[in-house]
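Report on the structure given below.
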Amino acid sequence: MTTLSDLAAIDESSFDSVLCVVAHPDDIEYGMSAAVAAWTGAGKTVRYFLLTRGEAGIDTMDPVDAAPARADEERASAAVVGVESVEFGDHADGTIEYGLRLRRDIAAAIRRARPDLVLTQNHTLTWGPGMLNQADHRAVGLATLDAVADAGNRWIFPELVDEGLEPWNASALGVVSTPNPSHYVDVTGHLDDAIESLEEHRLYNAALPEDFPSPAELLGNILGMGAERVRDPMVTHALLLEYYPR
């Protein structure tokens, strides 16, 4: 007997534009990009905002060289899934601090992009049992939750209005890769898009340990396990997320 899933499909008819907010190049490519490919293929507009250029992410490459190289890889990765707008902040990789500056930068990005849906990363301490989350991920994820509200209030960071950035209220917020998802995006048919997108991070992937899973193995597991939670035989791959209509 099939047990019904406790997860609900998000209403994809409720939004036409998306802003993905993450800390580093490649953060979007660990599953989120499969949903991006589905959405751009359906005619939705997706933009990326990354707070760093991932300059501290390759042990064998000086940050001065790594920053532009990884930014280029992110742009190539975005292009694979139909994203043309990739914006970078100026925060330092590895030492992003939660606070007003971070919230302001994300709120400004939201006001520039004016998306219906803001999608960000796990802000909690862990990915699940025995798997600690990274500091930058936590800071950016939490700041994005707050910045979505900040972006809609003209009296928070009023200098943004002086810069021509009028308030904007996104209609929904999604948080991926959390231990307790509430919803899912059916990304059946877009696994290969996600794999190709992650494979564009050639320098970063080459520097990973030899026993680190390949893009195909890693994404097959992440999105395949997501589909197992959905428990619908028609859904072979799924991105799980916490979803908050506003």
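The peptide list 69-79, 8-18, put in order of mean Cβ contacts within 10 Å with the highest first, becomes 69-79, 8-18. Averaged per residue, the range 114-213 has 48 square angstrom of accessible surface, using a 1.4 angstrom probe with ligands and nucleic acids left out. Structure remark: mean-square fluctuation, Gaussian network model of the chain, C-alpha springs under 10 Å; the largest value among E159, E84, E196 belongs to E159. Roughly how many Å is it from the Cα centre of the range 33-97 to that of the range 204-246, as a whole number? Cα centroid to Cα centroid, the span is 19 Å. Once both labels are positioned 7 Å from their Cα atoms along Cα-to-Cβ, the gap between D162 and A135 label points is 3.2 nm. Among the DSSP helices (H) of the chain, those spanning at least 24 angstrom by Cα along their long axis with an average Kyte-Doolittle hydropathy of -1.0 or more are 63-80; this is a geometric and hydropathy rule only. The calculated FRET efficiency for the pair S182 and S13, based on their C-beta separation and a Förster distance of 25 Å, comes to about 0.85. Close amide-amide hydrogen proximity is noted between G89 and L50, L51, T52, each under 5 Å apart and 5 or more residues distant or on a separate chain (H modeled in the peptide plane; Pro and chain starts excluded). Taking amide H atoms as placed 1.01 Å from N in the peptide plane, the amide H of S182 lies under 5 Å from those of L241, E242, Y243, each 5 or more residues away in sequence or on another chain. Normalised by the number of residues in the chain, the mean separation of alpha-carbon contacts (under 8 Å, six or more apart) gives a relative contact order of 26 percent.
Using a cutoff of 8 angstrom between alpha carbon atoms and counting only pairs six or more residues apart, the relative contact order for the range 125-246 works out to 32 percent.
Using a probe radius of 1.4 angstrom, the carbon and sulfur fraction of the accessible surface of the chain is 53%. Distance distribution P(r), the range 22-83, all Cα-Cα pairs, bin width 5 angstrom from 0: 4, 20, 27, 22, 13, 8, 4, 2 percent.
I need the calculated FRET efficiency for the pair S214 and D65, taking r as the beta carbon distance and R₀ as 35 Å, to the nearest 0.05.
E(calc), rounded to 0.05, equals 0.90.
Using just its DSSP H runs of length 4 or more, each adding -39500 (n - 2.57), the chain gives a mean residue ellipticity at 222 nm of -11500 deg cm²/dmol after division by all residues.
Among M234, I28, A76, whose Cα sits farthest toward the positive end of the charge dipole of the chain (+1 at Cβ of Lys/Arg, -1 at Cβ of Asp/Glu, about the Cα centre)? Ranked along the dipole, the leading option is M234.
Among the listed options (i) 0.92; (ii) 0.97; (iii) 1.04, the one matching Cα Rg over 2.2 N^0.38 Å as calculated from these coordinates is (ii). Heavy-atom accessible surface of the range 22-109, averaged per residue, reaches 39 Å², computed with a 1.4 Å probe.
Taking the chain as a Gaussian network of alpha-carbon nodes connected by springs under 10 Å, the highest mean-square fluctuation of the residues L165, L19, L117 belongs to L165. Structure remark: mean-square fluctuation, Gaussian network model of the chain, C-alpha springs under 10 Å; the largest value among G189, G174, G130 belongs to G130. Stretching the chain fully between N169 and T95 yields a gain of 23.8 nm (0.36 nm per residue, less the alpha carbon separation). So in the chain, what percent of DSSP beta bridges are antiparallel if you round to the nearest 5? Of the beta bridges lying entirely in the chain, close to 35 percent run antiparallel. For the peptides 146-154, 237-245, residues were scored by their other Cβ atoms within 10 Å and the scores averaged per peptide; the highest-first order is 237-245, 146-154.
The values are calculated or read from the model by the stated rules, or taken from the named source; none is laboratory data. All values reported here derive from a predicted model rather than from experimental measurement. Cβ coordinates were reconstructed from backbone atoms using ideal geometry, including for glycine residues, and neighbour counts include every protein chain displayed. To get the accessible areas, we keep the full protein, side chains included, count just its heavy atoms, and leave off ligands, DNA and RNA. Shrake-Rupley method; radii C 1.70, N 1.55, O 1.52, S 1.80 Å.
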